[in-house]
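This report refers to the structure that appears directly beneath it.
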């Protein structure tokens, strides 16, 4: 006796074809030619229709997440190799697992992301719409497009976007997906940074930005301001963006009453040398302009500005003490 159609195994080749179609039809903006090609594919054989029904059932689980983060995550995966989408379908997770997979796997994403930097590296990428994407040291980001506008997924590190003015009023905003949610901005400079505790820091230098936590409604960040937000919906107090907030793109750190520990952390992104502060210095703040690439010069300037003493141990580490 032959098996009933619904109990037959799904064809792996058709599965990854269905995954491609599902992402294009649900998360892209298909034109008439694309819709016609999809109709032709769907009507080829009963097996095509059965695989599509399986894929659509997975999409039903994903529908509540289909706005904001999920949409950006899907676009990021749309440009990934088909075998990854096939793996999701074969595992039974379907598209419902896309958003969770993206962030559960985030620690390893720095090795597979579309664009990434290591320690002491910076990078600038010209995007297809004329925007420019700057990556700080130790950053990983995926790049996709919707209607010609960038949609990014930031897994770690910090980016600065110089967003090109849209050519039409209907063009979508540029969006950045992070562990905390999504950030949308239409034009101007936008800074987005992943914090160690899972929050996302945002600076809207020239134009307003809309922050949408994974749990919670959208919030507007005024131009010229900075804040942070978390996945559970909490949003920090909006403050004036500090001068020189984008100076790192030129290899500089501009400190303005910045906690010393934050300055030291910025150096650590560029240098292997361990740097520690004596307890009496942990509450000190510092102001000045420091080069990120030349640790010795920056430490000497720091010593003069704060009147601190620089000590080196036998293992090459550095400790700052009060003079």
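None of the figures in this text is laboratory data; all of them are computed from the coordinates on show. Computed from a prediction, not measured in an experiment: that's the story for all the values here. Don't worry about glycine lacking a Cβ; one is built from the backbone with ideal geometry, like all the others, and counts go over all protein chains shown.
For this structure, a couple of remarks:
- Cα-only radius of gyration and Dmax that characterise region 131-195, units Å: 11.3, 35
- Length available on full extension from residue 311 to residue 171: 0.36 nm per residue minus the Cα-Cα distance, which gives 44.9 nm.
- Within region 138-265, the ratio Rg/Rh, alpha carbon atoms throughout and Rh by Kirkwood, equals 0.95.
- Using a Förster distance of 45 Å, the FRET efficiency for residue 303-residue 215 (Cβ separation, nearest 0.05): 0.50
- Proportion of all alpha-carbon pairs of region 188-236 beyond 17 Å (%): 26
- Summed over all non-identical Cα pairs, the Kirkwood treatment of region 251-322 gives a radius of 12.1 Å.
- Region 216-257 and region 151-181 have Cα centres separated by 15 Å.
- Gain in span if fully extended, residue 257 to residue 195, counting 0.36 nm per residue against the direct Cα distance: 20.3 nm
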